[in-house]
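Reviewing the structure listed below.
Every number here is computed from the coordinates shown, using simple stated rules; none is lab data. In this text the structure is predicted, and so the values were computed from the model without any measurement. Here the Cβ is made from the backbone with ideal geometry for all residues, glycine too, and neighbour counts use every protein chain on show.
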Amino acid sequence: MARFRFRAQAALDLRIREHDVARRALATAEVAHGGALAALDEATLAVAQAGTQAAEAMAAGGQNAQLEWYRSWIVGLRNQRATRAAEVTRRERDLAKARAACITAKQRLDALERLRDEARHAWERAMHAKEQREIDALATMRFVSLRRAEHLRGRLDD
C-alpha cells in the first residue's frame, strides 16, 4: 500500500523549528522580565529602608554631614530604582514582542498542519475510493464469470 507523503513537509519542518525558536525566545523574555521585576522590587525596598534609616538618624539628632550623606545615598538609590523601572518597561516591551512573535509562529504552523491534515484526509479518501473500485471490479469479474459458467452449463443441458 502506498504511503502518504506531504509535499510541503520541508516547510512544515521549518515552521516547527520557527515555533520552537519563538517559544524559547518567549521563555527567555519571561525570565528576563521576572528578573527585572525582582530587581525593581529590591530597589524599591532599598529606597524604603534608606528612608527609614535616614528618619532614625534625624530622630537621633544626627549631624548635618551624616544627614546629607543619607540624602545623597537615597538620591542614588532612587536613581537606581528609576533605572530598574526603565529596565522593567523595556523588558515588558521585549516580552510583548516575543509573545506576538510566538503567536504568529504558532498561527503559521497551525495553518500548515491544517493543510497537511486536509491533504492526508483527501489522500485517505482517494485510497479508499481506489480500494472500493478494485473490490467492485473483482466482484463484477466474479459475477460475470459465474454467469458465463451458468450460461455454458445451460447450453450443455440442452
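Structure notes:
- In this label model, residue 72 and residue 6 are separated by 6.6 nm, measuring between points 7 Å along each Cα→Cβ vector.
- Cα-based Rg / Dmax (Å) for region 1-45: 20.1, 70
- Between the C-alpha center of region 14-83 and that of region 107-136 there is a gap of 58 Å.
- Signed unit charges on C-beta, dipole axis of the chain, positive-most listed residue 39, 121, 64: 121
- Sum of -39500 (n - 2.57) over DSSP H runs of 4+, divided by residues of the chain (222 nm, nearest 500): -35000 deg cm²/dmol
- Counted residue by residue at 0.36 nm each, then reduced by the alpha carbon distance between them, the extension gain from residue 82 to residue 63 reaches 4.0 nm.
- The charge dipole of region 14-126, taken about the Cα centre with unit charges on the Cβ atoms of Lys, Arg (+1) and Asp, Glu (-1), comes to about 520 debye, rounded to the nearest 20.
- Förster radius 30 Å - calculated FRET efficiency between residue 93 and residue 42 (Cβ-Cβ, nearest 0.05): 0.90
- Over region 12-158: Rg over Rh, Cα atoms, Kirkwood Rh: 1.72
- Subtracting the Cα-Cα distance of residue 135 and residue 49 from their residue separation scaled by 0.36 nm leaves 22.4 nm.
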